[in-house]
1. Placing +1 at every Lys and Arg Cβ and -1 at every Asp and Glu Cβ, with all other atoms neutral, what dipole size does the chain have around its Cα centre, in debye to the nearest 20?
2. Give the shape of region 27-101 as rounded, prolate or oblate, defined through the alpha-carbon gyration tensor: a ≥ b ≥ c are the square roots of its eigenvalues, a/c under 1.5 means rounded, and otherwise the shape is prolate if a/b is larger than b/c and oblate if not.
3. According to a simple spin-label model (label point 7 Å from Cα along Cα-to-Cβ), what is the distance in nm between His254 and Ser107?
4. Over region 1-148, how many percent of alpha carbon pairs lie in each 5 Å bin up to the one with the longest distance?
5. Could you order peptides 90-99, 177-186, 239-248 by the average number of other Cβ atoms within 10 Å of their residues, highest first?
6. Arrange the following residues from fewest to most other Cβ atoms within 10 Å of their Cβ: Arg313, Arg188, Arg252.
7. Going by how many other Cβ atoms sit within 10 Å of their own, how do His277, His253, His12 line up, fewest first?
8. Using the 2.2 N^0.38 Å rule of thumb for compact globular proteins, work out how the chain stacks up: its C-alpha Rg over that value, please.
Amino acid sequence: MSGTNGRTVDIHAHVVTPACLELVKGLMEPEYEPFSFWAGKETNEYQAGHTAAIFPKATDPAVRIADMDAMGIDVQAISVAPPQYYYWTDVELGRKLARMQNENLASMVEDNPDRFVGLATVPLQDVSSAVKELEHCIRELNFRGVEINTNVFGLDLDDPRFRPFFAKAEELDVPVMLHPNGFTHGQRLQKYYMTNVIGNPLDTTIAINRIIHGGVLEDHPALKLVLVHGGGFLPFYSSRIDHSYEQRPEGRHHITRAPSTYLKQVFVDCLVFDSVHLEFLIQQMGVDHVVIGTDYPFDMGHYDPLGQIDGVRGVSDEDKELIRSATASKLLKLDG
């Protein structure tokens, strides 16, 4: 059950838009998607069955809402499933696919305004189109943020071409959620489901390191990022990048202070699966920078977030309320 001080908010939950699948049928080369390309035979065979099994959860709002009720989730911020970023398509098709998905998300929100808010997807293979789509989603569809991959078809997010996108997100005052889709150079990750277990958080870790060291957060001090899967590995070794910054020249070209100080602009979800790791994440990031993320409906999600939060030691009920509700509500402007 949710508490009395606000609605329980899940910021990390995915939707599949089936109509898009027909438009890209036969167009994608295997190497376009690192998650599956480096997954290995066993994982790709298993994943086909898993995807089919969760398809109703990924597409049917009624199934989703029943599961949300069972988890004690009042509001989901819904975003596209990573295989549907489609950054590898040509610009015209990319625009069309993003608009189709955003209209699908908007329809779900319109039909269930008390349960869902939308996080846009944008065709980042063409930044001007991405900026226009973001503006449309925020101003016209009343979306509350945007989800992007941790790289754009292999291109890192500190590349100057992406600055207009980050500037627009800052101007619109909406969070940018970074969600990986495998690791781009995953030759060594083909066994043991490491394409996800290590590959996903590794790509996030590289993305946020490059964003910080590339000066994106320094140049856009009001920009807010949300990192899924507990923020990748960075929260667990941020002192190492600070040490490098103090001792060496490579990280000093675009920033003027210790890298970890920019984490004040970064929020992470609690998808670290147990209360012990969540306790450490809270210590590292600050209790007001941690939010619920379930990764619904995938099997690498965690579907007892309230139990996980309740199990954290040494955190007051008031602070637990920040994780459960207040911080995400503020990020997503749920009370505005």
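1. Numbers: 29 positive and 47 negative charges, 117 e Å.
Roughly 560 debye for the chain.
2. oblate
3. Those two pseudo-labels are separated by 3.9 nm.
4. 2, 9, 17, 20, 19, 15, 11, 5, 2, 0, 0
5. On the way: 90-99: 17.8, 177-186: 22.6, 239-248: 13.3.
Top of the packing list down: 177-186, 90-99, 239-248.
6. In order of increasing Cβ crowding within 10 Å: Arg313, Arg188, Arg252.
7. Details: His277 17, His253 9, His12 27.
Sorted ascending by nearby Cβ count, the order is His253, His277, His12.
8. Taking N as the residue count of the chain, the ratio is 0.94.
Read-outs: derived from the displayed coordinates by stated rules, not from any lab. A quick note: this is a predicted structure, and the numbers were derived from the prediction, not measured. As a convention, Cβ positions derive from the backbone with ideal geometry for all residues, glycine included, and neighbour counts pool all protein chains shown.
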